[in-house]
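Written below as structure tokens is the structure these notes are about.
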Amino acid sequence: MKKILKSLGAIILALGPIISCSNSADMTVFKNVNLVPMTEEKIVENQTVLVKGDRIFKIGPSNEVKIPPNARVIDGQGAYLMPGLADMHVHLKGDWPISQLDLYLANGVTTVRDLDGRDFMLKWRDEIEQGKRTGPTIYASCPIIYGYEKNAPELVAKRKSGYDCVKLYSYFARDDFHKAMQTAKELNLYTVGHIPFAVGLDGVIAAGMNEIAHIEELDFEFIDFDRTIKLQPDEWLPYIISNAAQQFKGFASIDGGNIKAKQDRRFATVIRKLQSANLPVCTTLVIGRVIVQKLFKPNDFLTRPESRYLPQKYKEAFRQGKEKHQIQFEGIKDAAHFKYNLEIMLLAGLHRAGIPIVLGTDAGTGAMGIVPGFSIHDELRILTENDFSPYEAITTGTVNASNVVEAMTGRNDFGTIEIGKRADFILVNKNPLEDVAHIKAKRGVMAAGEWYDSAYLQAAVSPGLIPGIPIVGNVIYVRRPDSGFNTEIEIIIEDNFSGKLPDDIDGITVTIKDPNGVTRPLMLPAHRYLEQFKDFWYGIEGPPALGKYTFQVTGKGLNGTATDFQTVNRTIPFPDINTFSPAEGETLTSKTPAFSWAMVEYPDCEIYYRLVINDPAGKRVYSTRRGQNMLSHTVAEGILKPGKTYQYKVRAADSEDWVEMQNRSDSRSLTFTMAKKLE
Ligand SMILES: [Zn+2]
């Protein structure tokens, strides 16, 4: 049953006429392949591999293994079957112009670990497993615990089940860090993180953190600064950089060899400490390389083939010089070379000392320019340019990644081609153990037993799908006590559209592909245009049909496409206005008025609340983020004007992410007035 569902999932996602998985046979067979098992450095020639469900079922010489009569057969014709790759440090987001999940699959990445998890990723994970969505296997840390939260150590204990590990960030005070780590140990939770500035490598090792999230975290071990100083989170980096600038004389004329000569003893100490702790380190070296490119060859950066996939907003910020690293390295561009050289030197040291190195790229945040999937090939290349054999480099993204997952979850489930392991493969034309670049030329990818041939993968990330008109589309099941409409379709035109809104948009169509793979157009009623949000809004009576929605917009000879899924309709109760404070008609005297409400009773999923305040004409004056279990909010001074009347309501939804949200219920609006004199 599971297998059939997964095939349907692939059909739902298939683009145009290319359908990868019309065969619903229970078994897939790869015959005549050269196996790259990654159990040791070897190629086993002319093998046949049987896949049943999502597992490897049988492996043997092609002239011995019998092919079951109903199996789907993929003739390898001498191609190389290797394990799929894992990117163990990513940030999944829903707002990229092409689905990140497709970018990963198209690049042979069949496993990702998100290191700042959100509930919608757990939902993606489950949907991928059930065949309702295509993508790599997902592991996720809990949302980052930064260390400056009022109750940072307690957050470890409060983290929700379903997440695979705990991510700790840079801003922990020493005591808090030790308390947090102690809790994690008591609860048997895997911890991965930055090296907090106040703690340092010694402290992290002493507390028993399980993994370091970036090689770049070790950079700070080479800079002298006062770890006991009391600083605000945003003051730490400038403080350390100014110390480093003094210590390394403005970073001028410093190359790797020079650092090493000056810092030899310290270097050896750092490596020795990591070695005795046997502490895995995730690479993410591509960040340092891309920073150098962004600062010194910005045009090369923008014209990389994969840059077309970056979010429009990011590229705009980059062109205006307002991108994260452009700001961070302003006036100290040389520090970028210094940083990257230091990291490469550390990589070599870690490698020589046999410290477990785990492949990761930090792709996907939308703030750094690291493109999901493509970055894994850059990361592998950086390793092989620095003394790793192709086999050793691939090990970091297969065997070592799976070892880390075993430490997190107890299951060593992928990374080698062995019976019982998850069927994650890349079928490549040439031997990847000769050159990691060979991994890019592939015939297809199998992720958890689901086969995608290269034509399908290419179509899924086709540049033609990237909108000329950047849009986001959303379908939500909205329950509103004061309106008959239930299904809301919204299409927001993002910033860079060159035309006039709404006049220059001349066509909007929405199609829905149902779970049986049948596509039909959705009949749209007249829209409303919400100027404030550049939002074309449609209200349709009744709950939405389940399936994949595709939104298409044309105007000024351009077009834009976006998609959204509706996989479940939920009847979330209305927030009860009888529990609200202020009550209907109240006059508020505080400059910083507080609003509160009771939670809705809905045990099936996490509920996120949002407070929305409008003027009497219905125009949005203020709204909060969507907060999980948020039951009160204080509005800052100056937003609500003395003597004015407003309306407020509370929304309860099943996601904090607007596009990921599928269901919402809104309270009725209550009216309140701000007193003429506020105190
Ligand atoms: Zn990250």
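Within the option set Tyr456, Tyr391, being of a type in the set (Ser, Thr, Tyr) and either modelled with pLDDT under 95 or within 16 Å of the ligand (Cβ to nearest atom) (or both) holds for one residue only, Tyr456. Of all the criteria given as (1) at positive phi; (2) surrounded by 21 or more Cβ atoms within 10 Å (Cβ to Cβ), the one not satisfied by Ile138 is (1). Quick one: would you say Val436 is of a type outside the set (Gly, Ala, Ser) and not assigned by TED's automatic domain parsing to the domain that holds Phe222? Considered against the rule, which asks whether it is of a type outside the set (Gly, Ala, Ser) and not assigned by TED's automatic domain parsing to the domain that holds Phe222, Val436 comes out as yes. Go over the candidates Gly397, Gly420 one by one and state the one that is surrounded by 21 or more Cβ atoms within 10 Å (Cβ to Cβ), more than 16 Å from the ligand (Cβ to nearest atom) and either acidic (Asp, Glu) or within 30 Å of Leu189 (Cα to Cα) (or both). Within the list Gly397, Gly420, the selection yields Gly397.
For region 97-116, the candidate set comprises residues that are within 14 Å of the ligand (Cβ to nearest atom) and in a strand (DSSP E or B); within that set, the residue that is nearest to the chain's Cα centre (by Cα) is Asp114. Screening Arg625, Arg620 for residues that are touching a helix residue (DSSP H, G or I) at 6+ places or on another chain (Cβ under 7 Å) and farther than 30 Å from Asp514 by Cβ leaves exactly one candidate, Arg620.
For every residue, the table says whether it meets (1) under 17 Å from Leu347 (Cα atoms); (2) surrounded by 13 or more Cβ atoms within 10 Å (Cβ to Cβ); (3) at pLDDT 95 or above; (4) away from the ligand (no atom under 16 Å from the Cβ).
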residue	(1), (2), (3), (4)
His214	yes, yes, yes, no
Asp219	yes, yes, no, no
Ala245	no, yes, no, yes
Asn258	yes, yes, no, yes
Asp264	yes, no, no, yes
Pro280	yes, yes, yes, no
Ile291	no, yes, yes, no
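Of all residues being farther than 17 Å from Ser454 by Cα and not in a loop (DSSP other than H, G, I, E, B) in region 73-91, which is nearest to the ligand (Cβ to nearest atom)? Just the residue, please. By that ranking, first place goes to His89. Scoring Thr284 on the criteria (1) more than 16 Å from the ligand (Cβ to nearest atom); (2) among the hydroxyl-bearing types (Ser, Thr, Tyr); (3) at pLDDT 95 or above leaves a single failure, condition (1). The set of residues from region 603-648 being β-branched (Val, Ile, Thr) and either touching a His at 6+ places or on another chain (Cβ under 6 Å) or not assigned by TED's automatic domain parsing to the domain that holds Pro593 (or both) comprises just one member, Thr624.
The listed residues are Gly53, Gly94, and the only one of them that is in contact (Cβ under 8 Å) with a residue 40 or more places away in the chain, away from the ligand (no atom under 16 Å from the Cβ) and assigned by TED's automatic domain parsing to the domain that holds Val371 turns out to be Gly94. For Lys42, are the conditions met, namely being basic (Lys, Arg), free of Cβ contacts under 8 Å to residues at least 24 places away in the same chain and not assigned by TED's automatic domain parsing to the domain that holds Ser389? Yes. Only one of the listed residues (Tyr139, Tyr171) is within 30 Å of Tyr456 (Cα to Cα) and not in a helix (DSSP H, G or I). That residue is Tyr139. Among the residues of region 605-658, those identified as crowded, with 16+ Cβ neighbours inside 10 Å and of a type in the set (A, V, I, L, M) are Ile607, Leu611, Val612, Ile613, Val621, Met630, Val635, Leu640, Val650, Ala652, Ala653.
Taking strands (runs of 3 or more DSSP E) as the structural unit, those lying wholly within region 412-456 and holding at least 2 residues that are not hydrophobic (A, V, I, L, M, F, W, C) correspond to 442-447, 450-453. Flag: Ala363 matches the condition of being within 16 Å of the ligand (Cβ to nearest atom), crowded, with 17+ Cβ neighbours inside 10 Å and under 29 Å from Asp102 (Cα atoms). Taken together, Gln320, Gln275 contain a single residue that is among the polar types (S, T, N, Q), in contact (Cβ under 8 Å) with a residue 40 or more places away in the chain, surrounded by fewer than 18 Cβ atoms within 10 Å (Cβ to Cβ) and more than 16 Å from the ligand (Cβ to nearest atom), which is Gln275.
The values are calculated or read from the model by the stated rules, or taken from the named source; none is laboratory data. Predicted model, so just to flag it, every value in this text is computed and none were measured. When we count neighbours, we look across all protein chains shown, and the Cβ atoms used for this are built from the backbone with ideal geometry, even at glycine.
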